[in-house]
1. Could you order peptides 112-121, 23-32, 241-250 by the average number of other Cβ atoms within 10 Å of their residues, highest first?
2. What order do you get for 156-163, 67-74 when each peptide is scored by the mean count of other beta carbon atoms within 10 Å, highest first?
3. Which percent of Cα pairs goes in each bin when the distances of segment 207-248 are cut into 10 angstrom slices starting at zero?
4. Beyond 28 Å between alpha-carbons counts as too far, so tell me which of LYS6/LYS123; LYS6/LYS129; LYS33/LYS129; LYS59/LYS190 fall in that bin.
5. How big is the chain along each principal axis, measuring the range of its Cα positions in Å and listing the largest first?
6. If you take the beta carbon distance between ASN154 and CYS214 as r and set R0 to 30 Å, what does 1/(1 + (r/R0)^6) give as a FRET efficiency, to the nearest 0.05?
7. Near ALA109, within a Cβ-to-Cβ distance under 11 Å, what is the net charge of the other residues, with Lys and Arg +1 and Asp and Glu -1?
Amino acid sequence: MSVTIKSAREIELMRESCRLLEIVHNELADIIKPGISTLDIDRYGEKRIRSLGGIPNFKNYNGYPASICVSVNDEVVHGIPNKHRILQEGDIVSLDAGLIYKGYHSDAARTYGVGQVSPEAQKLMDVTKQSFFEGIKFAKAGNHLHDISNAIGNYAQSFGYGVVRDLVGHGIGTSLHEDPQIPNFPQRSKGIRLQPGMTLAIEPMITMGRPEVCWLDDDWTVVTEDESLAAHYENTVLITDGEPEILTLTLK
Ligand code: MF3
Ligand code: CO
C-alpha cells in the first residue's frame, strides 16, 4: 500500500475521531489509581469509546481481545487487560487506545505513574514524551520521514535509554496501520518526503535498559528482555503547510 494524502473532508473526520479519542484518554487518566485492575481500565475505555459514537479499533484486530492495551512496568505495549492484574503504587502503566469514527481511525498512547513513582521512572516517562515532541519538530512538509525518527532516537539515546526497534509508528486513516512505517531510531536512509495531508501515528517506545523486547506466551504482550521499565507515548499527527497538528492533543 502507498502513503495516503487525506482530503479536506477526510481531515475533518480524522480531527473528530482524534478529538473523541482524546476525551477517552483524558478520562482514563483520572481512573489510574492503586487498586484498579487493568480490565477495569479496558471496560471503562470501551464503554466510553462506544458512548461517544466510536468503535474500538483494537478489539479483534488480528485477534487482540480488548479495546485498550494496558502495559505495566516492563511490558512495553499490547498488554492484555486482566481482572487479576491490579495496579500497585509505584507502577508505571501505558494505555494505548484507538477508535474508528465514521470510518476514520485514531490512535494514541500515554504512560502514567500509579500513585507515587520513583524519580527514575518519572524521568523515563518524561523523556519518552519529550522524544515525541523532539520528533515532531521535524514533522513538516518538505522534510523527510527519517528526520523524525532520527530526532526521537537520538534524544532518547542521549539519556542512555533503549529505543525499541521491533515496533514502529505508522500512517493512519481508513486503516489503523497504513504506510509509511515510522521507526523511532536513527536511520541511514531519508525515508519519504513529508507532504500536507499525511496523517501519522508517531509512537516512541523507550526502555530504561536495553532495547531488545520479546513476546509473552499470550502472543501479544511485548516485554523488555532485560525486564527494565518501558514507556510509550503516541499521538496521531497531521502534516500541514506549516506546523504539524497533533490531532489527539488539542483539548488541554
Ligand atoms: N498503537 C498500537 C499500534 O499502533 C495499537 C495496536 S494494538 C492492537 O499499533 F491490538 F490493535 F494490535
Ligand atoms: Co499506533
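Only the coordinates and a few stated rules stand behind these numbers; no lab work does. Here the structure is a predicted model, which means the values were calculated and not measured. Every residue, glycine as well, gets a Cβ built from its backbone with ideal geometry; the counts of neighbours run over all protein chains shown.
1. Numbers: 112-121: 14.2, 23-32: 15.9, 241-250: 17.5.
Packing proxy ranking, top to bottom: 241-250, 23-32, 112-121.
2. Numbers: 156-163: 18.9, 67-74: 24.8.
Those peptides, ordered most packed to least, come out 67-74, 156-163.
3. Values per bin, smallest distances first: 25, 30, 22, 21, 2.
4. Values: LYS6/LYS123 36 Å; LYS6/LYS129 26 Å; LYS33/LYS129 21 Å; LYS59/LYS190 34 Å.
Checking Cα-Cα distances, LYS6/LYS123; LYS59/LYS190 exceed 28 Å.
5. If we take the Cα atoms of the chain, the spans are 46, 42, 34 Å.
6. On the way: r = 25 Å, r/R0 = 0.84.
The computed FRET efficiency comes out at 0.75.
7. Working: positive: ARG110, LYS129; negative: ASP96, ASP107, GLU203, GLU234.
With Lys, Arg at +1 and Asp, Glu at -1, the neighbours total -2.
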